1. Is there any pair with a first residue in the range 243-268 that is surrounded by fewer than 21 Cβ atoms within 10 Å (Cβ to Cβ) and modelled with pLDDT of 95 or more and a second that is part of a strand (DSSP E or B) and not hydroxyl-bearing (Ser, Thr, Tyr) whose Cβ atoms are under 7 Å apart and which are 6 or more apart or on different chains, and what are they?
2. May I ask you to list the residues in the range 149-164 that are touching a helix residue (DSSP H, G or I) at 6+ places or on another chain (Cβ under 7 Å) and either on the phi > 0 side of the Ramachandran plot or open to solvent by less than 20 Å² (accessible area, probe 1.4 Å) (or both)?
3. Working only within the range 100-134, note down all residues that are over 13 Å from Ile64 (Cβ atoms) and open to solvent by less than 10 Å² (accessible area, probe 1.4 Å).
4. Can you tell me which residues in the range 197-227 are of a type in the set (D, E, K, R) and over 28 Å from Tyr150 (Cα atoms)?
5. Of all strands (runs of 3 or more DSSP E) completely enclosed by the range 97-202, which ones contain at least 1 residues that are among the aromatic types (Phe, Trp, Tyr)?
6. So which residues in the range 165-183 are open to solvent by 10 Å² or more (accessible area, probe 1.4 Å) and without any contact (Cβ under 8 Å) to a residue 40 or more places away in the chain, if there are any at all?
7. Determine whether the range 15-25 contains at least one residue that is over 17 Å from Lys362 (Cβ atoms) and crowded, with 21+ Cβ neighbours inside 10 Å.
8. Looking at Asp91, Asp97, which is the one that is of a type in the set (D, E, K, R), buried (at least 19 other Cβ atoms within 10 Å of the Cβ) and either at pLDDT below 95 or closer than 16 Å to Pro48 by Cα (or both)?
Amino acid sequence: MKILYAASEALPYISTGGLADVVGSLPQAVLGALGRRADVRVVIPLYPSIRDKFAEQLELVTEINVRLAWRNQYCGIWKIYSQGVTFYFIDNLFYFDRRTLYGNFDDGERFAFFSKCILELMSAVNFYPDILHANDWQTALAVIYLKRKYSHLDEYRGIRALFTIHNIDYQGIYDFGILGDIFELPEWDRNVVEYNGCINLLKGAVVCADMVNTVSNTYSREILTEFFSSGLHHILRQADAEGRLTGIVNGIDVDYYSAEKDPDIDQNFTADDLSGKAVNKAALQRYAGFAENPTVPIVAMVSRLAAHKGFDLVKHVLEEIINENDVQFVLLGTGEDAFEKYFIYLAQKYPNKICVKLEFNKVLSKKIYAGADMFLMPSKSEPCGLSQMIASRYGTVPIVRECGGLADTIRAYNEFTGEGNGFSFANYNAHDMKNVIVYALNMYKDSLKWNHLVKNVMNTDFSWNVSAKKYIEIYENLL
């Protein structure tokens, strides 16, 4: 089976979030499950940071020109072979030599070019996959081009397309004035991408793909409702009725995120020997400027500071929690200006109890995962979520709202039976969240029960093994 994964980012090369984790891990997991029966490859843009960091590993495959409407642009194809998977990188300085991956005025044109390059790459390297697995709106046009522009060609006719929605809120919405000039789509394809009077690239990919999936089973049901779908529920309901929509919860790289092996934390530890967890907690307390006290629980968040991540709830009750309980709070992340300013204000007001770091820092995030006692994720919407799984790998107990992948991965702790791997609340309500946090803080005082819960958390299997097999089932069914 030949599979080509297409995405805008992938670990370990470039990352802004969970998409990169998935595209960096899933191909290896699928290859591991299929063995010699598989030829697995990945294609992403060649950003400057990749060129700088991986210069010695990059190998030039070929150079071609790719047409996009009236443009005829250079496309360099580079590769790195890693753990059995070939990673291709599309090189074009005009489109990809930018300070940020997203948020540029011409993102539509940039990723239209990238999507066209994905199809042209197949011919250039003589690799015509059985499955094109595209991810999010940045590669939506690759699915549309495959079905509307290339499927009449013998080499492309048998390629099946799986399109994965990682976050329905980002859809690639544009004015119809650029349908032909930028996206190289004729008027007779207008109905493919039209939604609410605009070009909607995500909608076009959902319509054209042979199969569509989201990154958790609960999220695949949620986006059929108007509240969660960002307006696309009608299209998604149609795909669901046709049997083309499903959900598969993400896994994580359990070797990269491992309390037992991680070189970035202060002391390694296991579920059977938690003594190293205390060492990491003390180190985090020193770093945060807190009193070094093993009996005071640390609640942590590592997240983008955005309302849909539940920060409006946190903002509403955090001072109450801090003033009414013996607890410390650590926050790492960047995001909306109003939240950044508020949490900096709180950190200045309660320097002995609140530590806020407004940055993206992978190493520090792992130190926080390893040193904290509880990890808070009160999301309004969470397609899958990786942080609750990562925290679990370091014995930090998740506190989540029951939505999307959080509902699929975290089961509420039952103190009477000892079952469960975290704490949860259902209503999107600040005081419901507060009540669960306080319950967890009280449970922390019972060291016997708490250590049992930590072991439950660390022993939960969040590897890609199960999820990879489900993806393989989809690939096989498509073929």
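1. Between residues of the range 243-268 that are surrounded by fewer than 21 Cβ atoms within 10 Å (Cβ to Cβ) and modelled with pLDDT of 95 or more and residues that are part of a strand (DSSP E or B) and not hydroxyl-bearing (Ser, Thr, Tyr), the close pairs are Arg244/Met211; Arg244/Val212; Thr246/Asn213.
2. Matches in the range 149-164: Tyr150, Tyr156, Ile159, Ala161, Leu162, Phe163.
3. Gly108, Arg110, Phe111, Ala112, Phe114, Ser115, Phe127, Pro129, Ile131, Leu132, His133, Ala134 - these are the residues of the range 100-134 that are over 13 Å from Ile64 (Cβ atoms) and open to solvent by less than 10 Å² (accessible area, probe 1.4 Å).
4. Arg221, Glu222, Glu226
5. 160-165
6. Across the range 165-183, the qualifying residues are Tyr170, Ile173, Asp175, Phe176, Gly177.
7. no
8. Asp91
The values are calculated or read from the model by the stated rules, or taken from the named source; none is laboratory data. Being a predicted model, the structure only gives us computed values, none of them experimental. So basically every Cβ, Gly included, is an ideal-geometry build from the backbone, and we count neighbours across all protein chains shown. Just so you know, the surface numbers come from the protein's heavy atoms only, side chains and all, with ligands and any DNA or RNA stripped out. Shrake-Rupley method; radii C 1.70, N 1.55, O 1.52, S 1.80 Å.
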